[in-house]
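For reference, the structure discussed in these notes is given below.
The values are calculated or read from the model by the stated rules, or taken from the named source; none is laboratory data. The model shown is predicted, which means the values in this text are computed figures rather than measured ones. Neighbour counts are summed over all protein chains in view; Cβ atoms, including those assigned to glycine, are modelled from backbone coordinates with ideal geometry. Areas reflect the complete protein model, heavy atoms only, side chains present, ligands, DNA and RNA absent. Shrake-Rupley method; radii C 1.70, N 1.55, O 1.52, S 1.80 Å.
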Amino acid sequence: MAQRDAAWCTAIRHRLHVPDVLPDLAVKTWSSFSPAKGVTAERVTYATADGMTVPAIVYMPDPIPAEKLPGIVVVNGHGSDKFGWYAFWSGIEFARAGAMVVTYDPIGEGERNIDKKSNAGSHDGLPLEFGTRLAGLMQVDLMQAVTFLAQRKEVDPKRIAVLGYSMGSFVAGITGAIDPRIHALVLSGGGVFGGAGSYFDRGNKPCQVSPYRALSEVIGHILFTLNADRGPTLVMNGLTDGVMGIPNTGPDWFAKLRTDTIAMHGSDANMFTTIFYPEVGHRPSWVTRDGLLWLQEQIHFTNWTRATIESAPLTHISEWAKANDVFITKNYLREDREGGLMAVGTDVPGVKRDDLMVLPSADWDRLKPQLIYETWAAKIMKQYPPEPMRDIPVAPVRTQ
C-alpha cells in the first residue's frame, strides 16, 4: 500500500506541476506590530513557484511561551486573502490560544493584485488550459507556508494544521494528500471530492475546474486515503450550502465516501470525520467551539485547554463586523452564512487594511513583477504549452 500511495502522490504533484524540490524559502521579515492585546504579528514575504513572492502576516502569542507552539496555516476562499475577516480573526484568536498562524494572499488578490485589491478574482481570467499550473502555484504557496512554520524555532513541526475554506478547502485537501508534514486538516465549506458535477467540476474557474478534471482519477476516496496516511481531517459543512451542493452531497454521500475510503486505506485510522449544521450555508466554521475543540485535540494549543475553549465567550460575527467596521459582502453577512457564526472569543478588533500591508509602497513597486498575477500569467503562457481540458460528464448540481 505504501508503494501504491506514493505513486498516487507523485502523480498528483506531476499533474499539477508541483516541483519535486520546493524553492528556497528566502524569508524576509519586513516589520512587526501588535494587532490586539496578547498578540504580535510579523509582516513577511517568502518565495513560491515560478520565481514569485508571497506576502504573509504571521500571528503569534505575546509573550511567546517557553513551550513549543503548534502552527496553523489559513487558506482563504475564492476572492479572499489575508485582509479577509476570518483570516485576521483566526490569526488573533489562535495566537491567543497559543499558536503561530500564517495568513497569506493568493495569487491575484491583496498585495498580489495589480491594484492591491481584494475580491478581484484576477486569476479567473487565465485560460482553462493553464489551470493546472495555477493550481500548482497555489499548492506551492501553501506548502511554503508549512515550510515556514516547520523552520520556526518556536514551532513544533509535528503539530502543524491547515484550515481551508471554500476554494481554500480545495487547495488544502489536495495539499494534505501530498504533504505529510501537515498533521491536521480542516476543510470547511468543501471537502466535496468525488464525482462529476461537483462544485469544483463546474463553471469556468481555472483554479478549480482544470485541476479537478486533471485529477479525476484520484479525486474521492483515493484523495482521502492519502490524507488518512498523513493524519486526521475534519470536514465541516452546512446542510443548506448550495455553493458546495451539500443538499445533494450531504451526510449519506460523505458516509459512503468514508466507507469506500476505509476499504481502500485498510483501516479507519486517521479517517476523515464530518460535522453538518442544519439550516446553515457556506462559512468557515473552524472559528466556532466545534472547530477549536477539534484542533485542541489534534495540535494542543499552548495557552488554552479544552476547558478554556468550552467556557470561552462567543461573538456573533455579523454584530461584531458592524460594530467594528469590518467588511463582509452583503451576501455573506447573512445569518445562514458567515454573519451567523458564533466565534470563540471576544475583543478582536477590526484590523485596518493598512496594518495588514506587508510591503512599504516603494518596495512593493520594486518587487511588483514577483508579486502580481499578470506577470506570472504572461510568464507561464509564454514558457509552457496549453494543456487540453479533460472532457468528463457534468451532472446537474443544485445551486444557491
>> I'd like the distance separating the alpha-carbon centroids of region 216-241 and region 270-314, in whole Å.
In response: 18
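On the protein heavy atoms, probe 1.4 angstrom, tell me the percent of accessible surface of region 1-141 carried by carbon and sulfur.
Within region 1-141, the accessible surface is 53 percent carbon and sulfur.
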>> I need the chymotrypsin sites (Phe, Trp or Tyr not before Pro) found in region 279-352, filtered to DSSP loop residues with at most 16 other beta carbons within 10 Å of theirs.
In response: Phe327
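Cβ neighbours within 10 Å, averaged per peptide: list 88-100, 127-139, 201-213, 362-374 in order, most packed at the top.
Highest to lowest by the protection proxy: 88-100, 127-139, 201-213, 362-374.
Tell me which trypsin sites (Lys or Arg not before Pro) from region 273-345 have a DSSP coil assignment and no more than 11 other beta carbons within 10 Å of their own.
Here the trypsin sites (Lys or Arg not before Pro) that fit, given the DSSP loop and packing criteria, are Lys330.
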> Residues of region 1-113: accessible area per residue at 1.4 Å, in Å²?
Replying inline: 31
>> Residue by residue through region 260-271, what is 3J(HN,Hα) from phi via Karplus (6.51 cos²θ - 1.76 cosθ + 1.60, θ = phi - 60°)? Round to whole Hz and write x for glycine and proline.
In response: 4, 5, 4, 4, 6, 6, x, 6, 9, 4, 6, 5
> When the helices in the chain are scored as -39500 (n - 2.57) per DSSP H run of 4 or longer and the sum is shared across all residues, what 222 nm value do you end up with, to the nearest 500 deg cm²/dmol?
Replying inline: -10500 deg cm²/dmol
> Looking at (i) 20.1, 67; (ii) 19.5, 56; (iii) 22.0, 83, which value of Rg and Dmax of the Cα atoms in Å comes from a calculation on the structure shown?
Replying inline: (ii)
> Can you list the residues, at least 5 places off or on another chain, whose amide H is less than 5 Å from the amide H of Gly220, using H built in the peptide plane?
Replying inline: Gly194
> Glu67 label point, 7 Å along Cα→Cβ, cut-off 13 Å on backbone N: hits in region 126-169?
Replying inline: 156
> Counting Lys +1, Arg +1, Asp -1, Glu -1, what net charge surrounds Val146 among other residues with beta carbon under 14 Å of its beta carbon?
Replying inline: +2
> Can you pull the Kirkwood radius for region 249-400, inverse mean 1/r over Cα pairs, to one decimal in Å?
Replying inline: 20.5
>> Please list 3J(HN,Hα) in residue order for region 241-246, calculated via the Karplus relation 6.51 cos²θ - 1.76 cosθ + 1.60 where θ = phi - 60°; whole Hz, with x for glycine and proline.
In response: 6, x, 4, 8, x, 4
>> With N set to the number of residues, divide the alpha-carbon radius of gyration of region 1-129 by 2.2 N^0.38 Å and report two decimals.
In response: 1.22
> By a straight-distance test (C-alpha under 16 Å), which aspartates and glutamates pair with Lys153 as possible cross-link partners, with residues fewer than eight away in the same chain excluded?
Replying inline: Glu42, Asp62, Glu67
> Based on DSSP, what percent of beta bridges with both residues in the chain are antiparallel, to the nearest 5?
Replying inline: 50
> Taking θ as phi - 60°, what are the ³J(HN,Hα) couplings along region 7-16 by the Karplus curve (6.51, -1.76, 1.60), each to the nearest whole Hz, with x for Gly and Pro?
Replying inline: 5, 5, 4, 4, 5, 4, 4, 5, 5, 9
